[in-house]
Amino acid sequence: MRLIFGSKVIKVEVLDDRDRLLVTTERGFTLPKNMMSDEDNIVIIKGKDLPELERNTIVSVVTTTKSADRIKYSGAVSVSMATQLNIKILRSNDSQVLKERRRYFKIKVREKGRALFLVRDEKTIRFDEPVDIEIKDINVGGIFVMCADYEFMAGDLVCFDIDLFVDAPLNASAKILRVQRNPDGSLMGYGCEFQGLTAAQEDRIGKFILKVQSEARAKGVEGEAQYGRYNG
């Protein structure tokens, strides 16, 4: 998997000029570090029975990140064989974040939650009482949390209850990717990546994000949503 705009890409699709699917793959692809840099950026896909296209055929490359954001780029075929397809990204064309993924925006919130237990170095640590946390932002990829009563470590796998909706908290596991500190060294919070969300859980997060965005628009508040997996 490669990083695009801070998010791991888990799937690459190639479409023709009428947006018909030519190739889809979750492995065997190589992406440049920055798809929109001024360098000659080449997407390389290796496999079997790939479509053989004429050189300079204009296509679209759609990358899907782990947080389910889909970004579309224009490109031109530079090499095409049954076992390899190279596509040069065209710098003259802007990338496009596909609108159907808008529910995966990251939004700033102030929601309560609880840590129920965690796994550290394959050892389960259970709390006598759930540890209170505060969620500062959320998207379908993860959350940024603050906790005054317990100090987590990078790599901890934590089971959280999150009060997205009053009637039923979201119960989900998240991995602590980063312990973030202020310039003076004091603890700021934890960047966490959700692990193994079900489709129903993703849908609940998406509905919550749309609800918050709708309420913000109704109040005339400018939204703070961003694309991409949680990066803090």
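With the condition being of a type in the set (Gly, Ala, Ser) and under 29 Å from the mean Cα position of the chain (by Cα), I'd like the strands (runs of 3 or more DSSP E) fully within the range 46-91 carrying at least 1 qualifying residues. Lay out the reasoning, then the answer.
Values: elements: 58-65, 70-80, 84-89.
Those strands (runs of 3 or more DSSP E) span 58-65, 70-80.
Conditions (1) within 13 Å of GLN201 (Cα to Cα); (2) without any contact (Cβ under 8 Å) to a residue 60 or more places away in the chain; (3) touching an Asp or Glu at 6+ places or on another chain (Cβ under 9 Å); (4) outside the structural domain of VAL109 (by TED's automatic domain parsing), marked per residue:
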{"site": "THR124", "(1), (2), (3), (4)": "no, yes, no, no"}
{"site": "PHE127", "(1), (2), (3), (4)": "no, yes, no, no"}
{"site": "PRO130", "(1), (2), (3), (4)": "no, yes, yes, no"}
{"site": "GLY141", "(1), (2), (3), (4)": "yes, no, yes, no"}
{"site": "PHE144", "(1), (2), (3), (4)": "no, no, yes, no"}
{"site": "ASP149", "(1), (2), (3), (4)": "no, yes, yes, no"}
{"site": "ALA154", "(1), (2), (3), (4)": "no, yes, no, no"}
(message) Condition check: at pLDDT below 85 and surrounded by 12 or more Cβ atoms within 10 Å (Cβ to Cβ). Does LYS219 satisfy that?
(response) no
(message) Filter the range 89-118 down to the residues that are charged (D, E, K, R), crowded, with 16+ Cβ neighbours inside 10 Å and at pLDDT 85 or above and list them by number.
(response) GLU111, ARG114
(request) Please enumerate the residues belonging to the range 2-56 that are of a type in the set (Phe, Trp, Tyr) and modelled with pLDDT of 90 or more. (result) PHE29
(message) Going residue by residue through the range 64-75, is there one that turns out to be at negative phi, at pLDDT 90 or above and among the aliphatic types (A, V, I, L, M)?
(response) no
(message) Of everything in the range 126-142, what is among the hydrophobic types (A, V, I, L, M, F, W, C) and modelled with pLDDT under 90? Give them in sequence order.
(response) VAL140
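The values are calculated or read from the model by the stated rules, or taken from the named source; none is laboratory data. The shown structure was predicted, so the numbers you read here are calculated from the model rather than taken from an experiment. Backbone-built Cβ (ideal geometry, glycine too); neighbour counts: all protein chains shown.
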